[in-house]
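Chemist: Below is one structure. I have some questions about it.
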Amino acid sequence: MIPKDILEKILRIDITTNRLVTDVFAGAYHSVFKGRGMEVDEVREYQPGDDIRSIDWNVTARTGFAHVKKYVEERELTVMVLVDASASMHFASSGQMKNRLAAEIAAVLAFAAIRNNDKVGLLMFTDGPELFIPPKKGKAHVLRVIREILYFKPKAKATHFPKMLEFLTKVLARRATVFVISDFLDSNDDYAGLSKSMRIANQHHDLIAITLTDPREAHLNDCGLVEVKDAESGARMVVDTSNEKLRREYQSMAQSLVKNRSRIFDMIGIDHIDISTDVPYTKALVSFFAQRRHRLAR
């Protein structure tokens, strides 16, 4: 039986996100993603302004000239929401816990999808896939997805993306719009593996990365001696946060992590949305929809 507090959270998220979808996101979702679930109609030579993700590399290699796939729109899309359930997502220094924020963002995307008669599925992951809910339609299904995100008890604490993305490409035969909601803190620091696995997944699907960040992960306050613990490895250490040099180095490492992550996404051609737990996420989502709609209209 689901605990009362979880049911209350589901109800609050249902009410909040339905209002947001009605007022803000339903039309934006339709204009941006309707037509992204496609079947190949023909192949033609590349023209300036074409999406490089549409390049047919086999035909390009055979002819010596860049060719792109031309698509015809399917009547419905498949939307997959991939949610990081690792230990680092159960953290908040201000605002919402990252896992709670992930549930709310997933709900907005899922409700927008079912308003457009699309299917929605869920994949919860840690150092590999842990829970897969196949894509279906309907509000009851979306409420189940939200419940699982809030109530799910992962078996592992660590994060590792390649296994999860490899699983995704195996279970989804048709092209899907895939939102990966995570803090992208890989326990193995395997960013080469992340880059390779996301590149492969993006060849099969329309991948969009939503990065959740807590302010404390970017800046270290002067609090004197503090014992810190790595949520995923369990390692502990005492640090002197009054040390200005240490705080500068911490901030520099955090900034480097963000730059490297963005560089990987840009290099692969993946759209990405950065959301901080201490500010409303709606602004970042609205900005993403607007930018993507503008790019697709060109």
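Rule-based calculations on the coordinates, nothing more; no lab input. Keep in mind it's a predicted model, so treat the numbers as computed, not measured. So basically every Cβ, Gly included, is an ideal-geometry build from the backbone, and we count neighbours across all protein chains shown.
Chemist: How large is Rg/Rh for the range 82-167, to two decimals, with Cα atoms and a Kirkwood Rh? Please report the intermediate quantities before stating the final value.
Modeler: Numbers: Rg = 13.0 Å, Rh = 13.3 Å.
Ratio of gyration radius to Kirkwood radius for the range 82-167: 0.98.
Chemist: Quick one: of the DSSP bridges fully inside the chain, what percent are antiparallel, nearest 5? Could you put the intermediate results ahead of the total?
Modeler: Numbers: 18 of 42 bridges.
Once the DSSP bridges in the chain are tallied, antiparallel ones form about 45 percent.
Chemist: Then there's this: Ratio to report: Rg/Rh of the range 54-200, with Cα atoms as the point set and Rh obtained by the Kirkwood method; give two decimals.
Modeler: Values: Rg = 17.1 Å, Rh = 16.6 Å.
My calculation puts Rg/Rh at 1.03.
Chemist: Sorted from largest to smallest, which semi-axis lengths in Å does the alpha carbon gyration tensor of the chain give for its equivalent ellipsoid, taking the root of 5 times each eigenvalue? Before the final figure, lay out the partial values.
Modeler: Working: eigenvalues 219, 122, 64 Å².
Working from the Cα gyration tensor, I get semi-axes of 33, 25, 18 Å.
Chemist: Jot down the per residue volume, in cubic angstrom and as a whole number, of the convex hull over the alpha-carbon atoms of the range 125-222.
Modeler: Working: hull volume 12.7 nm³, N = 98.
Considering the Cα atoms of the range 125-222, their hull volume per residue is 129 Å³.
Chemist: Further, regarding this structure: Could you tell me which residue out of His160, Thr17, Val258 lies farthest along the dipole of the chain toward its positive end? Charges go on the beta carbon: Lys and Arg +1, Asp and Glu -1, centred on the Cα centre.
Modeler: After comparing all options, I get Thr17.
Chemist: Helix-only mean residue ellipticity at 222 nm, the chain, DSSP H runs n ≥ 4 weighted -39,500 (n - 2.57), per residue, nearest 500. What is it?
Modeler: Working: 9 runs with 129 residues, N = 298.
That calculation yields -14000 deg cm²/dmol at 222 nm.
Chemist: So what are the radius of gyration and Dmax for the Cα set of the range 250-291, in Å?
Modeler: 12.1, 34
Chemist: Grab the alpha carbons of the range 150-204, take their convex hull, and tell me the volume per residue in Å³. If you can, show how the numbers build up before the last one.
Modeler: Details: hull volume 5.6 nm³, N = 55.
Roughly 103 Å³ of hull volume per residue.
Chemist: Net charge around Asn243, counting only other residues with Cβ within less than 11 Å of its Cβ (Lys, Arg = +1; Asp, Glu = -1)? Don't jump to the answer; show the numbers that get you there.
Modeler: On the way: positive: Lys245, Arg247, Arg248; negative: Asp222, Asp240, Glu244, Glu249.
Net of charged neighbours comes to -1.
Chemist: Distance from a point 7 Å along Cα→Cβ of Arg293 to each backbone N in the range 257-282: keep the residues under 17 Å and list them by number.
Modeler: It comes to 282, nothing else.
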